[in-house]
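> Take this structure, written in C-alpha cells, and hold onto it; I'll ask about it next.
Throughout, read-outs are computed from the coordinates displayed, never taken from laboratory work. Since we're looking at a predicted model, the values are computed, not measured. Virtual Cβ from ideal backbone geometry, glycine too; neighbours counted across all protein chains shown.
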Amino acid sequence: MRTASIDDKLQDLIAKSDTIVKLLEGQLQVLEEQKDKVQVNLTETLDERELTVGELETVRADILALDPDIIALEGKISVEQDAAARTKLETELADLNAKYNAMIQEEQVKLAKSQTLERYIEKGKTWVDSLQNQAATQMVLINKLQTDTQQRVVLYDALSKSLKTAQQQDVAHRINEIGVKTDQEAQTAMAAIGAATNQKMADMLEAHGDHMVFARDVLEKKAKADERFARRFAKIVEKHDKNLYGG
C-alpha cells in the first residue's frame, strides 16, 4: 500500500470529520437554544399553575362560606309571615344565588385552566428531558469525532512511515483490522441510536396509563360536583313544588 494513498484517505477522512463536526456543533447550539426556551416556558407554566391553584382554592373556600348564608336566608324566608319582609328576603336570596352561581362558574374556569396547565407541565418536562438527551448525545459525538481525528493524525502518520519498512504486509492487515473495528463502532452507535428511539417510544406509550388515571380522577371529581348540585337542586325543586316558602 502506497504511503500517498493512506495520506489521501486520511486527509479525506479529516475533511469529512471536520464537516460533520461543524454541522453537529451548529445543531447542538439549536438544541441548547430550544432547551432554554422550553425550560423558561416550563418554569412560567409551573408558576402560573401554582397561582391558578391558589385562586381555585380561594374560590372554593368562598363557595363553602356562602352556603351557611344561603341556608340561613332560606330559613328566614320559610318562617317570615310579612309579605314585604319576605319579598326583601327573597331578593337577598336571589342575589346570593346569583353570586353563588358566578363563583361556581369561576371555579369551573379555574379548574379547567389548572388541568390544562398541568398537562402542559408534563409535556414540558418531557420536552426538556428529550432536548437534554439529544444535546448530550450531540456533545458525545462531537467529542468522539474530534478525538478520532487527533488520534488518527498521529497513528496514520506512524502507519505511513511503517509502510516504508519490510513489514508492509503486516501493517496492511492492521489497517484492515482498524477499518473493521471502526465499522463495528459505527454499527454499535447506530444500534444504540435505534435502541434509544425505541426507549423513548416505550416511555411515551407507558405514560398513557398515567394520563388515563388523571382523566378518570378529573371525571370522578366532576361527578361528585354534579351530585352535590343535584342534591341542592332537588331541595329547591321540592320547596318550589310543595310551596314551602312560608309558614
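> If you count, for each residue, the other Cβ atoms within 10 Å and average over each peptide, how do 130-136, 206-212 line up from highest to lowest?
Descending packing order for the listed peptides: 130-136, 206-212.
> With charges only on Cβ, +1 for K and R and -1 for D and E, what is the dipole size of the chain about its Cα centre, in debye, rounded to 20?
For this selection, approximately 620 debye.
> Okay, next question. Between 27, 244, 108, whose Cα lies farthest towards the positive end of the dipole of the chain when Lys and Arg beta carbons carry +1 and Asp and Glu beta carbons carry -1, centred on the Cα centre?
Looking along the dipole axis, the top candidate is 27.
> A further question on this structure: Given the DSSP H assignment, sum -39500 (n - 2.57) over each helix run of at least 4 residues in the chain and divide by its residue total; what's the result at 222 nm in deg cm²/dmol, nearest 500?
Roughly -36000 deg cm²/dmol at 222 nm, from the helical runs in the chain.
> Let me ask something else. Of 76/235; 76/221; 110/200, which ones are farther than 26 Å apart at the Cα?
As for pairs spanning more than 26 Å Cα to Cα, those are 76/221; 110/200.
> Of the options 41, 128, 53, report the single residue whose Cα projects farthest towards the positive end of the charge dipole of the chain (beta-carbon charges: Lys, Arg +1; Asp, Glu -1).
Sorting the options by dipole projection puts first 128.
> Match the structure shown to one of the listed values (i) 36, 23, 15; (ii) 29, 24, 17; (iii) 78, 17, 9 of semi-axes √(5λ) of the Cα gyration tensor in Å, computed from it, and give that label.
So the structure-derived entry is (iii).
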